[in-house]
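Please read the structure below before turning to the comments.
The values are calculated or read from the model by the stated rules, or taken from the named source; none is laboratory data. Treat the numbers as computed from the prediction; the structure is a model and nothing was measured. Using ideal geometry, Cβ is built from the backbone for each residue, glycine included, and neighbour counts are taken over all protein chains shown. Keep in mind that these areas ignore ligands, DNA and RNA; they rest on the heavy atoms of the full protein, side chains included. Shrake-Rupley method; radii C 1.70, N 1.55, O 1.52, S 1.80 Å.
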Amino acid sequence: MLGYIFARHAGLDDPLRLRRTESTRRVLSLELNKGKEVERIHGSGVSTLDIEPVEGRYMLSGGSDGIIVLYDLENCTGKPFYTCKAVCSVGRSHPDVHKFSVETVQWYPHDTGMFTSSSFDKTLKIWDTNTLQPADEFNFEGTVYSHHMSPVATKHCLIAVGTKSPKVQLCDLKSGSCSHILQGHRQEVLAVSWSPRYEYILATASADSRVKVWDVRRASACLLTLDQHNGEKSKASSEAANTAHNGRVNGLCFTSDGLHLLTVGTDDRMRLWNSSSGENTLRPSS
């Protein structure tokens, strides 16, 4: 490490090399918290988690059993070893429980009084946290894979929804209806994410191997279709141009500053993109 620091100060190394080396070291040293456990409520796999951004105290989990659980992460015991307890849950006996696997849960970004969930049962539900009753429900023709609310929006209340349809649905919380449809993908939309920097910018990932960035205010909403080759078509016939991955793109999220977009695909690759230019920043230079 001292060698990296010396080379950095001497101007012998790229400024980013030290940062990347140290970031890699820290990631590789990560390990599970030995003093904290979470009470087991789900009877099968947990498919989604979300910690509320207001206090960072409460966590939602959604499982393949259709159950939603709310946990309190705060250590109220004063002891170094403790278990995070479930505060409440939408269990199998609840009249409005999801019939199939819960794929996404998300807290309302501005307070803990509301949260959302979507499921393979083709529904998106808006929940009142205090009563654990649905305040609204959106129904779709196909399986719902993902949904997301903007963490910074002040001028709209849109929830982006990815379903088995290639069309991205935008549901308006104010009107209670699907107000917009974004067309451009060729297969089902597997992941959606709003930018934490610009409230009208949305990224979507699809089984068609493509990732698109949209400005939902524009008539021709698509701003970018990310290309893993940065415009240089691959010579390999198995790698098509204008695709983000060589396979389904099943996950994406913006970095906290909104300047980059991280995507993952069934090609066992993670890619980091410049969210403004669409450049694949991890592509080796030729």
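In a shell of Cβ-Cβ distance under 13 Å around Tyr198, excluding Tyr198 itself, what net charge do Lys and Arg (+1) and Asp and Glu (-1) give?
Net charge in that neighbourhood comes out at +1.
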> Sorted by average packing, counted as other Cβ atoms within 10 angstrom per residue and highest first, what order do 152-162, 46-56, 183-193 take?
Replying inline: 183-193, 152-162, 46-56
> Tell me, what is the per residue accessible area of the chain in Å², probe radius 1.4 Å?
Replying inline: 54 Å²
> Do you know the relative contact order of the chain, to the nearest whole percent, from alpha carbon pairs under 8 angstrom that are 6+ apart?
Replying inline: 8 percent
>> Skipping prolines and chain starts, which residues have an amide H placed within reach, meaning under 5 Å, of the one on Ile201, given they are 5 or more residues away or on another chain?
In response: Ser195
> Per the 1.4 Å probe, what fraction of the accessible area of the chain, in percent, lies on carbon and sulfur atoms?
Replying inline: 51 percent
>> Taking the full set of protein chains and a 1.4 angstrom probe, give the accessible area of Thr83 in square angstrom, rounded to the nearest 10.
In response: 60 Å²
>> Filter Lys122/Lys212; Lys125/Lys212; Lys174/Lys212; Lys99/Lys167; Lys99/Lys212; Lys36/Lys79 down to the pairs with a C-alpha to C-alpha distance above 21 Å, please.
In response: Lys122/Lys212; Lys125/Lys212; Lys174/Lys212; Lys99/Lys167; Lys99/Lys212
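What net charge is computed for the residues neighbouring Gly251, neighbours being all others with C-beta under 12 Å from the C-beta of Gly251, Lys and Arg scored +1, Asp and Glu -1?
Result for the local shell: +2.
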>> Using the Karplus curve 6.51 cos²θ - 1.76 cosθ + 1.60 with θ = phi - 60°, what ³J(HN,Hα) values do you get for each residue of segment 52-58, in whole Hz, with x for Gly and Pro?
In response: 5, x, 6, 10, x, 9, 10
>> Tell me which of Met149, Gly176, Ser193 sits at the most positive position along the dipole axis of segment 119-199, charges placed on C-beta atoms (Lys, Arg +1; Asp, Glu -1).
In response: Ser193
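Can you give the net charge of the other residues whose Cβ lies under 10 Å from the Cβ of Trp107, counting K and R as +1 and D and E as -1?
-3
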> When only C-alpha pairs under 8 Å and at least 6 residues apart count, what is the relative contact order of segment 86-239, in percent?
Replying inline: 13 percent
> For the chain, modelled as a GNM with alpha-carbon contacts under 10 angstrom, which of Leu224, Leu60, Leu124 fluctuates the most?
Replying inline: Leu224
> By its C-alpha gyration tensor, with a ≥ b ≥ c as the square roots of the eigenvalues, how is segment 1-158 shaped: rounded for a/c under 1.5, else prolate for a/b larger than b/c, else oblate?
Replying inline: prolate
